Every structure is written in C-alpha cells, then in structure tokens.
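The values are calculated or read from the model by the stated rules, or taken from the named source; none is laboratory data. The structure displayed is predicted, hence computed values, not measured ones. Please note: Cβ atoms are built from the backbone with ideal geometry, for glycine as well, and neighbour counts cover all protein chains shown. What goes into the accessible areas is simple: the full protein's heavy atoms, side chains included, and nothing from ligands, DNA or RNA. Shrake-Rupley method; radii C 1.70, N 1.55, O 1.52, S 1.80 Å.
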Amino acid sequence: MRTAVRSRLGVVAAVVLALAVSACGGADEPGPFGSGTPHGLDVPGTASAENPNGAGSQGGSGAPAPGDAAAAAARWGLEPLRAAPPAPAVKPVKADPAAPPVVKRIPTDQKIVFVTIDDGAEKDPKFVEMMRDLKVPFTMFLNDTYVRQDPGYFRKLQELGNSVQNHTLDHPNMVKLGPDAQKREICGNSDRIEAEYGTRPYLFRPPFGNYNSTTVQAAGGCGVGAIILWREAMQIGDMQYVDADKTLKPGDVILAHFRGPSDLKGKTMTQMMANLLRKIQAQGFAVARLEDYV
Ligand SMILES: [Zn+2]
C-alpha cells in the first residue's frame, strides 16, 4: 500500500496550485475542491475504502462507548464518536526524510479519519477543556508566529497526547520562496518546536497546501518524514469535501484551524469543533491518531 502514497517529486511542481488559498485563509471562503482531487498523490489504492460498511468495523472494533465517554460527549451537546480501532502494528505510511511521501489520505479500509488543526491564532481555554473531556486525538500544525504568543497554551494540548508538528515559521507561500528561504522556514520552525515542546516535528504541512519539489527536499533536510495535506477542510458549520458526494472516506485527513469568533462569524472554536465532530459522528467514523499511521 505504501506505493500509493510515495512521493512523486516529478509531478509536485505541476500540481501545487489546486490547493491554494483555502487553507488558513478566511473561515468560510469557497474551497478549491470543486473539481475533485487534483492529482495522484491521494492514495487511490484503497479500493476497499469504498466499502460502505467499513469492512465490518461496525460490529467488531466499534465497541459501545463507555458511559463516561457518553457523558463527556453529552456535556458538549454531542453523541459519542465510535471508538477508534487499535493502532496498527505496522504504520501504513512510512515516514522517510530521504523521500517524504505526500499524504492526504491514509490507506485503510476502516472508518477512521484524522483531525489536524493549523496555525494557532486562537487560544481558547474552553477548547483545552473540551479536548480534555472528549479525548479526541488531533495533530497540531503550528507556526512560530502564533506559538511564541503563548507556547504554554499548546503545551496543555500536547500534554493530552497530541503532537505539535511543523507549519513553517511565518506561514509564507512556499512556492514563492527559494531553497534557502524554504529551508529557513521549515528548519527554523522545527528548531523552535523542538526547543519549546521537546520533540522535533517529523510531519510538515505547507501553508495553503502549496509546495514544490524544493519544499519536499527542504522538509526532508529538516528531518521531516512526511508531508501531510488534507481531503476535507472544516469551515464553521460544515466541511468542504473533496468528493462530489460530500462524504468522508476511510483514512481522510481533515483540516481545521485554531480560529475564534472574529474568523468564525461569531462562533467559537469549541462550536466549530462540535460541528466537526457531529459531522464525523453522523457519518459513522471514528477519529484515529495520525501519528499511529504515519
Ligand atoms: Zn495555515
């Protein structure tokens, strides 16, 4: 399965633009996904992913949520999510700094998705409370611009078991930068995150989803083993879906942002997250930990 997500440096430069603009721009802007998946980096090999029954996970690993999980969910006005299956013994995507794969979807036939949260502008204490309560795993792709405003905020989220990964120092459009500047943005942010949080990022997400072969090379040189893009982008009440049928598919990576009322038309970060979790729950998916799969 690994071959399906292998890095294809040759085509990278040609395909970067399709993802431009949406990530980290306005909260509710029209997405770039109208015409579907722009290129072949999107793990097409998961034919069984289309199995609408999730390969039997309905009955098997989908154990009923314990009472406390149900109670925690209820406190936030939610139904409990289906329990995530155990982490796989072998990660389906191999991180490799020598040739970082570009990943938007993890090869799996289980009904799991991965939540990623970017930038770090909003630092809502209620969100920490919510995640402590719900124990939903997520991966943070942060800019130093926002981290340095309050590193302790993200440490609280890290202490819940969520990792801090790399999204550049200052959120530039990488394809407009030369090799040295790209390297500075990636290595510089990894240095900062390692100093602040004790672990060097091995995952990188380019701002706006824009990257070229120089980006991939620079990321690898900074110790990054995989470049993580996304399939769905959470807005305020719903997601922009890649697929015309507007449904999640097994293994999808979902993009969200640390955003507050000024970017969410008055809604809070916890309201946005509750909306996201409702959509995931309603489609019968569990949220798994990305680091268990890459
Ligand atoms: Zn961003």
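Numbers for the structure displayed
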{"quantity": "Qualifying positions in the range 166-196 - open to solvent by less than 20 Å² (accessible area, probe 1.4 Å) and over 15 Å from residue 218 (Cβ atoms)", "calculated": "193"}
{"quantity": "Positions within the range 102-122 being touching a strand residue (DSSP E or B) at 6+ places or on another chain (Cβ under 6 Å) and open to solvent by 10 Å² or more (accessible area, probe 1.4 Å), in sequence order", "calculated": "105, 119"}
{"quantity": "Residue 161 farther than 24 Å from residue 104 by Cα and either of a type in the set (Gly, Ala, Ser) or in contact with a His (Cβ under 9 Å, 6 or more places away or on another chain) (or both)", "calculated": "no"}
{"quantity": "Qualifying residue in the range 126-142 (condition: touching an Asp or Glu at 6+ places or on another chain (Cβ under 8 Å), of a type in the set (Lys, Arg) and closer than 18 Å to residue 273 by Cβ)", "calculated": "no"}
{"quantity": "Exclusive hit being small (Gly, Ala, Ser) and under 13 Å from the mean Cα position of the chain (by Cα), set 288, 282", "calculated": "288"}
{"quantity": "Matching residues in the range 214-262 - criterion: being over 17 Å from the mean Cα position of the chain (by Cα), assigned to a loop (DSSP other than H, G, I, E, B) and buried (at least 20 other Cβ atoms within 10 Å of the Cβ)", "calculated": "222"}
{"quantity": "1 or more residues more than 16 Å from the ligand (Cβ to nearest atom), charged (D, E, K, R) and touching a Pro at 6+ places or on another chain (Cβ under 8 Å): qualifying helices (runs of 4 or more DSSP H) within the range 113-196", "calculated": "none"}
{"quantity": "Looking only at the range 197-209, and only at residues there that are open to solvent by 10 Å² or more (accessible area, probe 1.4 Å) and outside any loop (DSSP other than H, G, I, E, B), the one that is nearest to residue 101 (Cα to Cα)", "calculated": "208"}
{"quantity": "Number of positions in the range 148-189 that are hydroxyl-bearing (Ser, Thr, Tyr) and under 19 Å from residue 212 (Cα atoms)", "calculated": "1"}
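Rundown of residues vs (1) farther than 20 Å from residue 190 by Cβ; (2) free of Cβ contacts under 8 Å to residues at least 40 places away in the same chain; (3) under 18 Å from the mean Cα position of the chain (by Cα); (4) open to solvent by 40 Å² or more (accessible area, probe 1.4 Å), yes/no style:
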position	(1), (2), (3), (4)
93	no, no, yes, no
128	yes, yes, yes, no
135	yes, no, yes, yes
149	no, yes, no, yes
